[in-house]
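Here's the structure, in structure tokens; my notes come after.
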Amino acid sequence: MSRTVIAAVVALVITALTAIAFFVTTTSFDDKVRKDAESQLRRAYQVVQQLAQLEAIDVANKAERLAADKGFVTALKTESKTERDNQARLGFTKFTSNEKEGDVKPDIIALVDAQGLIVAMNDVSSVVPKQWKKEGDKPGDTIIPALNVVLGNRVIISDIFSFQDRMMKIGVAPVIDADAPVPANDPDGVVIIGAIVVAYAQTAQQAQHDKLLLGTEIAYYDAQKVVATSFTRGPSTEEDTSKSKQLTDIVKSGKVPQSGTQQKVQIDGTNYYAAAVSMPRSTTNSKRMPKDYPAITGGAMVLAPIADSGNTAGTIKLFIILLGAGALAMSILGMYLSHRRLVAQVDQIELGVTDIINGNVDRTFRPVGLELDGLANGLNVMLARLLGRPEPGEEEFDEEGNPIIPGRVEFEEGEEKPQTDPDLAALAQESEPDYYKRVFTEYVAARKAVGSPDDVSFENFIAKLKVNEGKLKAQYQCRAVRFRVVTKDNKVSLKPVPIFA
């Protein structure tokens, strides 16, 4: 198997393991995030139901306590405007200064007479009596359905009312004149001379406060229009109105009904689980509610983001990716070091073997590294025994530290277009045993003649001839190669003579 294939297989395995770990982690955390969001939504839904009911009871109780103040009876019965204003202002002040009424003050506290005309309002110096009256002079016919019912019946109502593009949580209670004679046919046995209206506006600030209690986002809507949300622009407390428009579209589509069923919605690219709850309406006597009383159109939508708030999953995913990348880098580095230490040693052995195949039978294998030194030494022993030269450890060395190899035979390089040898025919006809004996004898004699005799053995000499013959036959594409002993410049060598026929 090639080094490239090994590297590819290792990289593929590491990549596959990283991908599997990433997928398993992603799936596991995604499931956990979804379950956490569902659980968070259920808790918030239950809390907002209870919270809305408690707020409805609270605003009704406040209206009832205000209506029981005798100063408001005096204000409604007096003819003096100054006295009426003073009595109403005194009643409002006593209520708002009472710590038991809480830190959040009502946005509207109004005293209304039996005709539905505003007599006085808290913190309003000059009121518009007909501000809540419908067109016409019909008594008790106002734009507030709960007020219309209270002015004619002994009943206290808590309801939702839209006023000036704001959703108001209102409580309405009758002001009763205990000293007035009661008509015989009056079913309640009291005389109602007016009513108290207490109202709280559902604002973005209140929605943000509710968000802290619920742990989820919340949006309030009435008549299919979102009027306040807990969504803010960045870290500020300013309401994000763009999300309000998207939520209004969701409410109008009916995708999130007030049945409390969980639905998945998307706002600005973020997925949420959403559920809607109808705003409660309470009354002390449901039998006095007319059949044509308007249906409840107000509601609250809680939204739990399907996201990892602490980004734990993202951190672990990043860790897995970095771990996989690190493992891949380590494997590549390990393979590189292995290439330098082991594969490079193999390459040197291969180079030596190739050199011997090409005719350099005097080649010896030097130490290449701890892992393959044994192989290199074994090859040297094998060559020494085949060629009859000293085995490793028995050889002599020259001044430069190179081993002195006895019986070295010098060969001339083969020419690309060798000249025709005059004795070619004789060389071609000579038998191989006679040829080898003759060439060996001529070579030994020539070496002695130039003063450099050598103790090369016949077997070693013939082995070298055959190795070079094989290489040159492939080079010349000839039938055979014979050698002629040549002496030039006091050096003896063997010159190849290719035989083609």
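Can you name the residue in region 213-230 that is hydrophobic (A, V, I, L, M, F, W, C) and either buried (at least 22 other Cβ atoms within 10 Å of the Cβ) or in a helix (DSSP H, G or I) (or both) and, of all such residues, is farthest from the chain's Cα centre (by Cα)? Give the derivation first.
Residues of region 213-230 hydrophobic (A, V, I, L, M, F, W, C): 213-214, 218-219, 223, 226-228.
Still in the list and also either buried (at least 22 other Cβ atoms within 10 Å of the Cβ) or in a helix (DSSP H, G or I) (or both): 213-214, 218-219, 226-228.
Values: LEU213: 29, LEU214: 27, ILE218: 26, ALA219: 28, VAL226: 32, VAL227: 34, ALA228: 32 Å.
In this case the residue turns out to be VAL227.
Checking the condition more than 19 Å from ALA60 (Cα to Cα) and at pLDDT 90 or above, which residue from VAL119, VAL155 passes? If you could, list the steps in order and put the result at the bottom.
Numbers: VAL155 fails: more than 19 Å from ALA60 (Cα to Cα).
Of the residues listed, the single one that is more than 19 Å from ALA60 (Cα to Cα) and at pLDDT 90 or above is VAL119.
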Note: among GLY393, GLY401, GLY414, just one is of a type in the set (Gly, Ala, Ser), at pLDDT below 75 and touching a Leu at 6+ places or on another chain (Cβ under 7 Å), namely GLY414
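Looking at region 231-310, what strands (runs of 3 or more DSSP E) fall wholly within it and have at least 1 residues that are touching a Lys or Arg at 6+ places or on another chain (Cβ under 8 Å) and either open to solvent by less than 30 Å² (accessible area, probe 1.4 Å) or of a type outside the set (Ser, Thr, Tyr) (or both)?
Working: elements: 263-267, 270-278, 298-305.
Correct list: 263-267, 270-278.
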Pairing a residue in region 227-238 that is of a type in the set (Lys, Arg) with any residue that is surrounded by fewer than 22 Cβ atoms within 10 Å (Cβ to Cβ) and assigned to a loop (DSSP other than H, G, I, E, B), where Cβ atoms lie under 8 Å and the two sit 6 or more apart in sequence or on different chains, gives ARG233/ASP240
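Go through region 196-212 and give me each residue that's of a type in the set (S, T, N, Q) and open to solvent by 40 Å² or more (accessible area, probe 1.4 Å).
Kept after step one, since they are of a type in the set (S, T, N, Q), are these residues of region 196-212: 202-203, 205-206, 208.
Matches in region 196-212: THR203, GLN205, GLN206.
Any residue that is touching a Ser or Thr at 6+ places or on another chain (Cβ under 7 Å) and buried (at least 20 other Cβ atoms within 10 Å of the Cβ) - is there at least one of those in region 66-89?
So the first thing to find is which residues in region 66-89 are touching a Ser or Thr at 6+ places or on another chain (Cβ under 7 Å), and the list is 84, 87.
Filter again for buried (at least 20 other Cβ atoms within 10 Å of the Cβ), leaving 84, 87.
Yes, region 66-89 contains at least one residue that is touching a Ser or Thr at 6+ places or on another chain (Cβ under 7 Å) and buried (at least 20 other Cβ atoms within 10 Å of the Cβ).
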Open item on the list: Being of a type outside the set (S, T, N, Q) and within 27 Å of ILE356 (Cβ to Cβ): is that true of LYS471 here?
Closed with: yes
Checked pairs for region 334-359, first more than 17 Å from MET382 (Cβ to Cβ), second loosely packed, with under 13 Cβ neighbours inside 10 Å and modelled with pLDDT under 75, C-beta under 7 Å and 6 or more apart or across chains, list as HIS339/ARG3; VAL343/ARG3
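Can you confirm whether region 487-500 contains a residue that is open to solvent by 70 Å² or more (accessible area, probe 1.4 Å) and within 23 Å of LEU386 (Cβ to Cβ)? Step through it out loud before you land on a result.
Of the residues in region 487-500, the ones open to solvent by 70 Å² or more (accessible area, probe 1.4 Å) are 487-491, 495, 500.
With the extra rule that they be within 23 Å of LEU386 (Cβ to Cβ), the set shrinks to none.
No, because not a single residue in region 487-500 is open to solvent by 70 Å² or more (accessible area, probe 1.4 Å) and within 23 Å of LEU386 (Cβ to Cβ).
Within region 431-456, how many residues turn out to be outside any helix (DSSP H, G or I) and either in contact with a Ser or Thr (Cβ under 9 Å, 6 or more places away or on another chain) or open to solvent by 40 Å² or more (accessible area, probe 1.4 Å) (or both)? Give the steps one after another, and end with the answer.
Going through region 431-456, the residues outside any helix (DSSP H, G or I) turn out to be 431, 450-456.
After this cut, where a residue has to be either in contact with a Ser or Thr (Cβ under 9 Å, 6 or more places away or on another chain) or open to solvent by 40 Å² or more (accessible area, probe 1.4 Å) (or both) as well, the list is 431, 450-455.
So the answer is 7.
The values are calculated or read from the model by the stated rules, or taken from the named source; none is laboratory data. Since this is a predicted model, take the numbers as computed values, not measurements. Please note: Cβ atoms are built from the backbone with ideal geometry, for glycine as well, and neighbour counts cover all protein chains shown. Only protein heavy atoms, including side chains, enter the accessible area calculation; ligands, DNA and RNA are left aside. Shrake-Rupley method; radii C 1.70, N 1.55, O 1.52, S 1.80 Å.
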